[in-house]
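A quick write-up on the structure given underneath.
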């Protein structure tokens, strides 16, 4: 288990025990950020940092804002970058594609200089992690690794993302129907 996965596991335990409560993506981001600040007191934990704050390159990233960053005050040790999802309103294929985009973004942030990056998802809608494993659902329900060229599954299907590595989504229980998965890139 990598470093971010360990932090997420500790956080999931606090959710399971009722110490932390999450009910949407915003609450997940802030509660997990508080948990990271408690576990990493010598580092800055910041939310929604623009990529350009860390890297001045002209590279085009799949996203512009990093959900959570962990780094030393001098920005010499870019420790962690984390992308978070907590799907709440259906749109299952779009949410899965969004998570794949987060994985590609995590790869690019690791290549650019963060030691460890991850895409993390919490879900209490069983249709995210159970059901048919056809098409894009295979990444979340059928143990098909997230890898290669992945096309947006709905609408005009004009967007795609490329994931260089190969990552399996393993769902872990939290409490009730709430589960989570971590896809980590970089050093453990």
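The values are calculated or read from the model by the stated rules, or taken from the named source; none is laboratory data. A quick note: this is a predicted structure, and the numbers were derived from the prediction, not measured. Quick reminder, even Gly has a Cβ in these numbers, built from the backbone with ideal geometry, and neighbours come from all protein chains shown.
Note on the range 162-171: residues that are surrounded by 13 or more Cβ atoms within 10 Å (Cβ to Cβ) and within 23 Å of residue 127 (Cα to Cα) total 3. Every test in (1) in contact with a strand residue (DSSP E or B) (Cβ under 9 Å, 6 or more places away or on another chain); (2) surrounded by 15 or more Cβ atoms within 10 Å (Cβ to Cβ) is passed by residue 92 save one, and that test is (1).
Can you tell me which residue is surrounded by the fewest Cβ atoms within 10 Å (Cβ to Cβ) among those in the range 8-31 that are touching a residue at least 60 places away in the same chain (Cβ under 8 Å) and under 20 Å from residue 99 (Cα atoms)? Restricting to residues being touching a residue at least 60 places away in the same chain (Cβ under 8 Å) and under 20 Å from residue 99 (Cα atoms), the top hit is 24. The combined condition, being in contact (Cβ under 8 Å) with a residue 40 or more places away in the chain and either more than 19 Å from residue 178 (Cβ to Cβ) or buried (at least 18 other Cβ atoms within 10 Å of the Cβ) (or both), is fulfilled by residue 57.
Tell me whether the range 50-61 contains one or more residues that are at pLDDT 95 or above and either in contact with a helix residue (DSSP H, G or I) (Cβ under 9 Å, 6 or more places away or on another chain) or in a loop (DSSP other than H, G, I, E, B) (or both). Checking the range 50-61: not a single residue is at pLDDT 95 or above and either in contact with a helix residue (DSSP H, G or I) (Cβ under 9 Å, 6 or more places away or on another chain) or in a loop (DSSP other than H, G, I, E, B) (or both). Among the residues of the range 104-153, write down those that are closer than 18 Å to residue 88 by Cα and out of contact with any strand residue (DSSP E or B) (no Cβ under 9 Å at 6 or more places or on another chain). Of everything in the range 104-153, those that are closer than 18 Å to residue 88 by Cα and out of contact with any strand residue (DSSP E or B) (no Cβ under 9 Å at 6 or more places or on another chain) turn out to be 125, 127, 130, 131, 137, 141.
Scanning the range 62-78 for residues that are surrounded by 11 or more Cβ atoms within 10 Å (Cβ to Cβ) and outside any strand (DSSP E or B) gives 62, 63, 64, 72, 75, 77.
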